[in-house]
Structure formats: C-alpha cells, structure tokens
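Written below as structure tokens is the structure these notes are about.
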Amino acid sequence: MNLQALQLYIAVVEEGSFTKAAERCFVTQPYLSQLVKQLEKEYDVQLLNRSTRTLSVTDAGEVVYEQARKMVHCMEQTKVLLEQVKDVHRGEVTIAIPPLVGTIVLPQLSKHFRERYPNVKMNLIELGAKKFQI
C-alpha cells in the first residue's frame, strides 16, 4: 500500500465506479481494478461489492476509505507545514523591549515585520530596564 494506491481507492469509492474513477485519475480501469484486488489481498478483506450495475462499499471498505482519507490529508498537510517551516511563513515570536524602545522603534519595526511575515504572530513584552537581561 502506498499513497497513490490510497488516493486511487478513494476515487473509486467517491465515484462509485471504476470507469469514472479511472477517468478522474487519468489511469486505466483495469489498473484500478487490479489495485483494489491487491488492497483486498493485502488486508485479507473484501473492500467493494461488485455487481454488473452497481459498486458498493463493504463495512471493511468503509473503514479503509475513512482511514485512507485521513492518511492522504495528513500527508498533504505535512507537505504544506514543511513548506511553511522552510519559508518561515508561520509561527510565533516573542520580543521583550524596554518602554522607550517600544515607543520609538517598535512601530516601524512592527510594520516591516508584518509586511514580510504576515502569518507569524508577534508577542511584545514591555519590561523595565532593571528586569531586562541580555
């Protein structure tokens, strides 16, 4: 089982047809049929009820479908989150400043920071000079 197999199985279930799923995913219908048979063999369960006119999901097939959707979503989210981490587009930063700096420097600094990192939350803590440690 791999991510592509799960995505294709999801398409079969959602389309309710091997033919429509094959068209949606730009693969052949025999390939999809073989892939589902391999999943059934791997899990040792029947995933789909096949008849000449209809295709329905078994209870086991529903479990695999729901878990496959979660896994595919998780993999997609992982890619998005890693891109955001690489590009520093999200997160949180806390800055401690003495009162005078806050009034003189901070407005301009904050403006530039927000423009460059709109999805990074900035927390400001104003500390007196005696509490400020470097």
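The values are calculated or read from the model by the stated rules, or taken from the named source; none is laboratory data. Being a predicted model, the structure only gives us computed values, none of them experimental. Here the Cβ is made from the backbone with ideal geometry for all residues, glycine too, and neighbour counts use every protein chain on show. Just so you know, the surface numbers come from the protein's heavy atoms only, side chains and all, with ligands and any DNA or RNA stripped out. Shrake-Rupley method; radii C 1.70, N 1.55, O 1.52, S 1.80 Å.
Of the residues making up segment 97-110, not a single one is surrounded by 11 or more Cβ atoms within 10 Å (Cβ to Cβ) and either within 18 Å of the chain's Cα centre (by Cα) or basic (Lys, Arg) (or both). Given the condition at pLDDT 90 or above and open to solvent by less than 70 Å² (accessible area, probe 1.4 Å), answer yes or no: does some residue in segment 115-131 qualify? No, segment 115-131 contains no residue that is at pLDDT 90 or above and open to solvent by less than 70 Å² (accessible area, probe 1.4 Å). The strands (runs of 3 or more DSSP E) located wholly in segment 29-109 that include 2 or more residues which are over 30 Å from Glu126 (Cα atoms) occupy 48-50, 55-57. Looking across segment 4-34, the residues that are more than 19 Å from Glu76 (Cα to Cα) and polar (S, T, N, Q) come down to Ser17, Thr19, Thr28, Gln29, Ser33, Gln34.
Quick grid of which residues meet (1) at pLDDT below 95; (2) touching a helix residue (DSSP H, G or I) at 6+ places or on another chain (Cβ under 7 Å); (3) open to solvent by less than 70 Å² (accessible area, probe 1.4 Å):
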| residue | (1), (2), (3) |
| --- | --- |
| Gln46 | no, yes, no |
| Thr52 | yes, no, no |
| Val57 | no, yes, yes |
| His73 | yes, no, no |
| Lys86 | yes, no, no |
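When segment 1-28 is filtered for residues that are touching a residue at least 40 places away in the same chain (Cβ under 8 Å) and in a helix (DSSP H, G or I), the ones remaining, listed by number, are Leu3, Leu6, Gln7, Tyr9, Ile10, Val12, Val13.
Sort through Glu15, Glu23, Glu40, Glu66 and tell me the only one that's open to solvent by 100 Å² or more (accessible area, probe 1.4 Å) and on the phi < 0 side of the Ramachandran plot.
Glu23
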